[in-house]
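As structure tokens, the structure follows; a few thoughts come after it.
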Amino acid sequence: MLIHNSIEKDHIIDILLDNGLFKMPDGRQLYEASEHELKKIICTKIDNGFPFCSIS
């Protein structure tokens, strides 16, 4: 489990892939999304309680 707020985009994509999410809701590939968008998907779709889930 991650214990700090710094996380790389590749790691975020790996988390999403591991949880069966292969595209953004609008159909874009994950790599086309911003890091902020990817974190938002994790926080709304995958309730893992990552520290960064307090982002707005």
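The values are calculated or read from the model by the stated rules, or taken from the named source; none is laboratory data. The structure displayed is predicted, hence computed values, not measured ones. As a convention, Cβ positions derive from the backbone with ideal geometry for all residues, glycine included, and neighbour counts pool all protein chains shown. These accessible areas exclude ligands, DNA and RNA; they are computed on the full protein's heavy atoms, side chains included. Shrake-Rupley method; radii C 1.70, N 1.55, O 1.52, S 1.80 Å.
Here the contact order of region 9-56, divided by its residue count and restricted to Cα pairs under 8 Å and six or more residues apart, works out to 31 percent.
Can you classify the chain as rounded, prolate or oblate using the Cα gyration tensor, where a ≥ b ≥ c are the square roots of its eigenvalues, rounded means a/c under 1.5, and otherwise it's prolate if a/b beats b/c and oblate if not?
Details: a/c = 1.58, a/b = 1.55, b/c = 1.02.
Prolate, since a/c reaches 1.5 and a/b exceeds b/c.
Please compute the per residue accessible area over the chain with all protein chains in place, 1.4 Å probe, rounded to a whole number of Å².
Numbers: 3850 Å² over 56 residues.
Accessible area per residue: 69 Å².
Within the shell of other residues whose beta carbon sits under 13 angstrom from the beta carbon of residue 31, the net charge comes to -3, with Lys and Arg scored +1 and Asp and Glu -1. So, with a 1.4 angstrom probe, what is the percent of accessible area on the chain that is carbon and sulfur? Ligands and nucleic acids excluded, carbon and sulfur reach 50 percent. Rounded to the nearest Hz, the phi-derived 3J(HN,Hα) couplings of region 24-37 under the Karplus curve 6.51 cos²θ - 1.76 cosθ + 1.60 (θ = phi - 60°) are 6, x, 8, x, 5, 5, 4, 5, 7, 8, 6, 4, 4, 4, where x marks glycine and proline. Helix-derived [θ] at 222 nm for the chain: sum -39500 (n - 2.57) over DSSP H runs of at least 4, divide by residue count, nearest 500? After summing the helix terms and dividing by residue count, I get -11000 deg cm²/dmol.
Basic side chains Lys and Arg get +1 at the Cβ, acidic Asp and Glu get -1 at the Cβ, and with that the dipole of the chain about its Cα centre reaches some 160 debye.
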